[in-house]
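Enquirer: So that we are looking at the same thing, I have put the structure below in structure tokens.
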Amino acid sequence: MRIVLTSGALPRLEGAADFKRFSLVIDPLLRGDPAPAVAAIGEMADADHVWVRPDAIRAICPLAGDPDWAKGFDAMVGYAAQHGWTDDKGRIRAHIEVLEALEPVEAGVFRDAMRRFASGVCIVAAGEGDGRCGMTVSAFTSVSAEPPLVLVCLNRSAFAHSCLTGADRFSVNILGAQQEETAMLFAGQRGIHGADRFDDLWQQDGAGAPVLTTAHHSIVCAMESQHVSGSHTVLVGRVVAASTGNDDGALLNYNGALRQGTWAA
Ligand SMILES: Cc1cc2nc3c(=O)[nH]c(=O)nc-3n(C[C@H](O)[C@H](O)[C@H](O)COP(=O)(O)O)c2cc1C
């Protein structure tokens, strides 16, 4: 198995059932100062090695609940101890390897490809009264039906980011074909920020988030988890309420423009 540490993401375990190998692989970006990232799973032993806490591995292992895995892992820790590869705290010594640096695709080429993916447009909103915040998002998708989970991706540079990530409830309001102006307002294109973006078409839902009564559909989520990835935070929400609003087609985001998706029912 190998633990993978990349910048801005939680530690990940690869090859969890392979008990013959044990190493720590880091992103080339962390090479200069790996200690802060390493703190999530253990401590630097020297410049090339790390003391890894076995409980940290159990915490990130997708197979941790499997008794066969638990047995194999305990045997691996025992084997390491016999060979003197553990310390007095029972931590396992791992060699640090550096991931191969992959040249990312050029930003313009990436954006061009993503613009060709047609999506709906939503407003993600949270808070109450003067503490309300919201922003336009097209990075919204269903994750799971049982339990009902969705995700949205929020740029960490958005004003609304800290308010949305700090909320315990948030709504996702799917915009109808006629709501381009609302999309622009909540995308910061009208120079209005924070609670001033909300008018009386917004009502506080019983589940604890502001809901746009004229949206195509609205859902309210309890915050389930958050994941930092690159420039964005991914919010995963457990859907606790859903309501239907207008049904005049969907607002679509495609090829750099907002379009009205209307068709016969
Ligand atoms: C159609 C459309 C889709 C957008 N999708 C996203 C998105 O998925 N994630 C995101 O972080 N920003 C997205 N944005 C940009 C944000 O809406 C914008 O940066 C943000 O609302 C600015 O809000 P602020 O005033 O709180 O910074 C989108 C903008 C538009 C017009």
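The values are calculated or read from the model by the stated rules, or taken from the named source; none is laboratory data. Remember, predicted model here, so these are calculated numbers, not experimental data. Here the Cβ positions follow ideal geometry from the backbone for every residue, glycine too, while neighbour counts run over all protein chains shown. Heads up: the accessible areas ignore ligands, DNA and RNA and are worked out on the full protein's heavy atoms, side chains in. Shrake-Rupley method; radii C 1.70, N 1.55, O 1.52, S 1.80 Å.
Enquirer: Under the Kirkwood approximation applied to all pairs of distinct alpha-carbon atoms, what is the hydrodynamic radius of the chain in Å?
Expert: 21.3 Å
Enquirer: In 5 Å bins starting at zero, report the fraction of Cα pairs in the stretch 107-261 per bin as a rounded %.
Expert: Taking every Cα pair in the stretch 107-261, the percentages come to 2, 10, 19, 24, 22, 15, 6, 1, 0.
Enquirer: So which chymotrypsin sites (Phe, Trp or Tyr not before Pro) in the stretch 75-140 end up in coil per DSSP with only 12 or fewer other C-beta atoms within 10 Å? Working shown, then result.
Expert: Working: sites: Tyr79, Trp85, Phe110, Phe117, Phe140; in loops: Trp85, Phe117.
Qualifying residues, ordered by number: Phe117.
Enquirer: On C-alpha positions alone, give me the angle between the axis of helix 67-82 and the longest principal axis of the chain, in degrees, nearest 10.
Expert: It is inclined by approximately 40 degrees.
Enquirer: To continue, here is another question. Keeping the other protein chains in place, figure out the carbon and sulfur percent of the accessible area of the chain, with a 1.4 Å probe.
Expert: 53 percent
Enquirer: Tell me the accessible surface of Val234 in square angstrom (1.4 angstrom probe, heavy atoms of protein chains only), to the nearest ten.
Expert: Number for this one is 30 Å².
Enquirer: In a GNM of the chain with a 10 Å cut-off on Cα contacts, which of Gln203, Gln179, Gln82 has the highest mean-square fluctuation?
Expert: Gln82
Enquirer: Label-point separation (nm) for Ile192 and Ala242, each offset 7 Å from Cα along Cα-to-Cβ?
Expert: It works out to 3.0 nm between the two label points.
Enquirer: Within the stretch 205-228, which residues have the backbone N less than 17 Å from the label spot 7 Å out from His161 along Cα→beta-carbon, could you tell me?
Expert: Correct set: 226-228.
Enquirer: Determine how large the accessible area of His95 is when every protein chain is in place; take a 1.4 Å probe and give Å² rounded to the nearest 10.
Expert: In the full protein context, His95 sits at about 90 Å².
Enquirer: Then there is this: Between Val105 and His227, what is the label-to-label distance in nm when each label sits 7 Å out along the Cα-to-Cβ direction?
Expert: 1.9 nm
Enquirer: Only loop residues by DSSP count here, and only those with at most 10 other Cβ atoms within 10 Å; note down the chymotrypsin sites (Phe, Trp or Tyr not before Pro) in the stretch 167-265 that meet that.
Expert: For chymotrypsin sites (Phe, Trp or Tyr not before Pro) across the stretch 167-265 that sit outside H, G, I, E and B with at most 10 neighbouring Cβ atoms in 10 Å, the list reads Trp263.
Enquirer: State in Å² the accessible area per residue of the stretch 134-263; use a 1.4 Å probe, count heavy atoms of protein chains only, and round to the nearest integer.
Expert: On the way: 6380 Å² over 130 residues.
Solvent-accessible surface per residue comes out at 49 Å².
Enquirer: Next question, about the same structure. Loop only per DSSP, at most 14 neighbouring Cβ atoms within 10 Å: give me the trypsin sites (Lys or Arg not before Pro) in the stretch 2-64, ordered by residue number.
Expert: Lys20, Arg21, Arg31
Enquirer: Find the centroid of the Cα atoms in the stretch 48-64 and in the stretch 178-197, then give the distance between the two in whole Å.
Expert: 45 Å
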